[in-house]
Structure formats: C-alpha cells, structure tokens
Amino acid sequence: MDTIASLFSFITTPVSWIIVQFHKLYGAVFGADTGWAWGLSIVSLVVLIRICLIPLFVKQIKSMRNMQALQPKMKAIQERYKSDKQRQSEEMMKLYKETGTNPLSSCLPILAQSPFFFALYYVLSNIASGKTVGVINESLLDSARQAHIFGAPLASKFTDSPGKVEALQASLTDVRVVTAIMIIMMSASQFYTQRQLMAKNVDLTVKTPYMQQQKMLMYIFPVIFAVMGINFPVGVLVYWLTTNVWTMGQQMYVINQNPTPGSKAQDQYLHRLLKGATARGEVRSRRKRNVVSAIVAKGPDRNDNERRFISGLAKAGFAAQADGNVAKSDTAVADVEGSAAHKRQQPKRQTKAKRHTAGAQSGAKTSGDTDSEAISLRKEAPQDAKPKTAGKPAARQQPKAGQRKGQQRPKHPSSKK
C-alpha cells in the first residue's frame with residue numbers, strides 16, 4: 001500500500017494544502033489540536049472532491065443504464081459468435097459505438113478519486129512516521145499527531161503494534177475498537193449502496209448475466225473493503241466512510257428523482273406523480289413535465305409502469321398532454337370504461353365434483369324425457385291390439401352382441417326395427 005501511495009505523491013502538496021486550509025477554519029472553532037478539527041478537514045476534503053465529480057457521476061448513471069438496456073443485444077451477439085471471439089469483440093465495439101456507450105464510464109468516479117485517496121494515505125502515513133509532507137510543517141505535524149478521534153490517533157491502524165500506538169499517546173484497545181467499528185460501517189454502507197441499486201433501480205424485466213454479476217459484486221465489495229480496511233489509518237477510514245455515505249445519499253436522490261425505466265423505483269415515482277397530478281389537476285415541476293412528455297411520446301412502446309400511470313390518469317378523468325401537463329378529459333374515462341366492458345371474460349373452470357353433478361342432472365333429465373315419451377306412445381296405441389303372448393309369461397330375451405343387459409328403452413316409432 002505504501003508503494004502504491006508513493007506513486008501519487010505528486011499530488012500530496014495540493015491535498016495537504018486543502019486539508020490545512022480546512023484545518024485553519026475548524027481549528028478556530030474546536031481547537032487546532034483536536035480530532036474534530038482534523039477529522040472535519042478530511043470530511044470537507046471528501047465533500048469538495050465529490051462535488052467536483054458530480055458530472056462524472058451523472059455520466060456513470062447514464063452509462064450504467066445504457067449497459068442495462070444493451071444486455072439482451074450483447075447476449076445475442078455472444079451466442080451468435082461464440083466460436084469467433086474476434087468477431088464477437090468487433091460486434092460489441094460496433095454496438096457500443098452505435099449507441100454511444102462507454103463501458104468504462106461506470107468506473108470513472110472511482111478512478112478519479114483514486115489519486116486523492118492514495119495521496120491522503122501517503123500524507124497520513126508520513127504523519128504517523130513523524131515526517132513532514134507537502135505543506136504540513138513541524139508544527140502542523142505535531143498537531144496532527146496529537147489529534148484523536150474517539151481516542152484513536154488520526155494516523156493509527158488496526159494492525160499497529162502496541163509500541164507504535166503508545167508512541168502516538170493512545171491505547172491499543174481504543175485504536176482497535178474505533179477502527180473495527182469504522183470498518184464495519186464502511187463495509188455496511190458499501191453493501192447498502194449496492195443493494196439499493198439492485199433492489200430499486202434495475203429493470204426487472206431484463207434478466208441477463210450483467211444482473212448476476214452485480215449481485216455478486218454486492219457481496220464481494222464489502223468483503224474487500226473489510227480486508228483492506230485493517231491496513232488503513234483512521235484518517236483514511238474517515239475519508240472512505242464519508243465518501244461511501246455521500247455515494248449512498250447521492251444515489252438515493254437519483255433513484256427517487258430519476259429512476260431507471262421499468263424499475264421498482266420508477267413505479268413508485270410515477271405513483272407519487274399520479275397522486276400529485278390528480279390532486280392538483282396539473283404538473284407543476286418542469287422536470288416532472290418532461291417525464292410525462294417523454295411517456296406520451298413513447299406511445300405503444302411504454303413499459304408496464306408507464307401504462308399504469310396513463311391508465312390511472314384516465315380513471316381520474318385526466319389525459320396526459322404532449323407538453324407534459326394533464327387536462328380534464330371525459331373521453332379518457334369513456335375509453336377506460338369501454339375497454340373494461342369489452343374485456344373478454346374467461347369462463348371459470350369448474351371443479352370435478354361440480355362437472356360430475358351437472359352431468360348426472362343432465363342424464364336424469366334426458367332419461368325423464370324419454371320415459372314420458374314412451375308413456376305417451378302407449379296411450380296412443382289401439383285398445384284392441386293385444387300382444388301375441390297374452391296369458392303366457394314373457395320369455396326372457398338374451399341381449400344381442402354389443403347390447404346392454406337389463407330392460408331396454410322403447411324405440412321411437414319412426415326408428416327402423
């Protein structure tokens with residue numbers, strides 16, 4: 001870690017200068033040698049860096065959405081050219097070029113932060129060793145070595161020996177308790193940030209290997225940070241915990257205000273938008289009007305969330321306009337009622353017992369009709385017609401082949417004998 005940090009020593013001067021300027025500000029309030037003054041200086045450094053990286057963060061969000069949308073096409077290319085890796089790579093690059101997608105854009109914020117992270121690590125390592133670095137002179141070095149955050153020196157690590165911790169005027173127990181808590185918080189914030197992205201801001205209708213990779217990273221990244229965290233000074237843990245919390249809050253805002261189409265977050269956002277639009281009869285925010293306008297422009301290409309939004313407006317008596325606002329519309333209500341009336345009703349499937357009962361009743365009805373018909377035929381027969389076997393017991397007839405045993409039903413007069 002020290003070797004990697006030394007590679008970024010060329011920016012230790014600007015990083016140390018920023019920290020010193022914030023230290024002067026907070027030192028006037030909390031005291032120059034306090035952990036609050038030095039700790040808040042590191043926090044302010046993170047905030048300043050993240051504000052400067054907001055354009056890269058926006059680009060990262062767009063790149064991640066484009067990658068999610070391209071996953072089905074990428075999978076089709078991989079299956080089509082699975083035996084030709086070179087052609088597969090060429091088609092992938094062609095797809096990226098046509099859609100204007102850069103796979104590395106999602107890593108830009110982390111890559112941009114890396115020099116500042118390692119420069120801060122280099123500064124704190126020199127403070128722990130009692131060496132001046134950047135614009136931090138002897139007096140600032142002594143002040144930084146005396147600064148403690150909840151009893152742990154700013155430059156101490158979880159893996160420091162008892163002798164090194166005592167040289168910084170602290171106890172080994174305090175250092176390990178504070179660093180362990182900060183490592184757990186750092187890993188937990190990293191896990192929650194990734195989980196928030198996967199649970200709310202991913203199009204659930206697209207099932208691709210990309211989603212499986214993101215789920216794996218959701219569990220791998222916290223473990224990596226936990227393992228690396230035991231070698232970080234307390235000041236670096238403050239830096240990384242602050243940047244994780246910033247990322248979590250920034251991502252939460254983006255998910256709530258500009259969710260991915262087809263995601264759970266979009267469904268929740270459109271539900272809030274529908275509730276506000278129907279209650280006030282208009283869409284007041286310009287950004288929200290742009291959202292409604294984009295949904296109207298999609299037409300039949302809307303996803304399920306957007307169809308529910310348009311249907312909800314129609315049920316409330318409103319129709320979305322091309323300019324992003326809503327207007328009263330009786331036609332929309334009639335269309336919804338008409339579509340509901342003409343909706344095809346599928347017959348309910350009866351149970352086996354009900355089907356058996358219905359069949360038995362139908363058979364009984366048929367049998368009853370046949371018996372009534374036979375009785376009427378006997379009444380219409382002439383009175384003088386006597387059977388040839390009068391006075392003699394009727395001989396029991398043997399059923400013919402294929403004929404049922406027992407008493408047979410009388411045949412209709414029109415039937416052939």
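Some points to look at:
- Any hit, region 192-203, residues being touching a Pro at 6+ places or on another chain (Cβ under 7 Å) and either assigned to a loop (DSSP other than H, G, I, E, B) or at pLDDT 90 or above (or both): yes
- Flag if VAL175 is in contact with a strand residue (DSSP E or B) (Cβ under 8 Å, 6 or more places away or on another chain), modelled with pLDDT of 90 or more and assigned to a helix (DSSP H, G or I): yes
- Condition broken by VAL291, with the remaining ones in (1) more than 18 Å from ASN258 (Cα to Cα); (2) in contact with a helix residue (DSSP H, G or I) (Cβ under 8 Å, 6 or more places away or on another chain) satisfied: (1)
- Residue selected from region 263-289 under the condition exposed (fewer than 13 other Cβ atoms within 10 Å of the Cβ) and part of a helix (DSSP H, G or I), by the criterion farthest from the chain's Cα centre (by Cα): ARG280
- Any hit, region 101-117, residues being of a type in the set (A, V, I, L, M, F, W, C), more than 26 Å from TYR253 (Cβ to Cβ) and modelled with pLDDT of 80 or more: no
- Within region 22-46, being buried (at least 22 other Cβ atoms within 10 Å of the Cβ) and of a type in the set (Val, Ile, Thr) holds for ILE42, VAL46.
- Some residue of region 245-257 being farther than 30 Å from ASN303 by Cβ and modelled with pLDDT of 90 or more: yes
- Test: residue in region 228-235 that is outside any helix (DSSP H, G or I), among the aromatic types (Phe, Trp, Tyr), surrounded by 14 or more Cβ atoms within 10 Å (Cβ to Cβ) and modelled with pLDDT of 85 or more: yes
- You will find that of THR242, THR247, THR260, the residue that is in contact with an Asp or Glu (Cβ under 7 Å, 6 or more places away or on another chain) and of a type in the set (S, T, N, Q) is THR260 and no other.
- Taken as a whole, the condition of being surrounded by fewer than 20 Cβ atoms within 10 Å (Cβ to Cβ), β-branched (Val, Ile, Thr) and modelled with pLDDT of 80 or more applies to VAL135.
- Qualifying residues in region 1-21 (those that are among the hydroxyl-bearing types (Ser, Thr, Tyr) and surrounded by fewer than 18 Cβ atoms within 10 Å (Cβ to Cβ)) - the one modelled with the highest pLDDT: THR13
- Residue list for region 65-98, restricted to those being under 25 Å from the mean Cα position of the chain (by Cα) and either within 30 Å of ILE18 (Cβ to Cβ) or hydroxyl-bearing (Ser, Thr, Tyr) (or both): TYR96
The values are calculated or read from the model by the stated rules, or taken from the named source; none is laboratory data. This one's a predicted model, so the numbers in the text were calculated from it and none came from an experiment. Don't worry about glycine lacking a Cβ; one is built from the backbone with ideal geometry, like all the others, and counts go over all protein chains shown.
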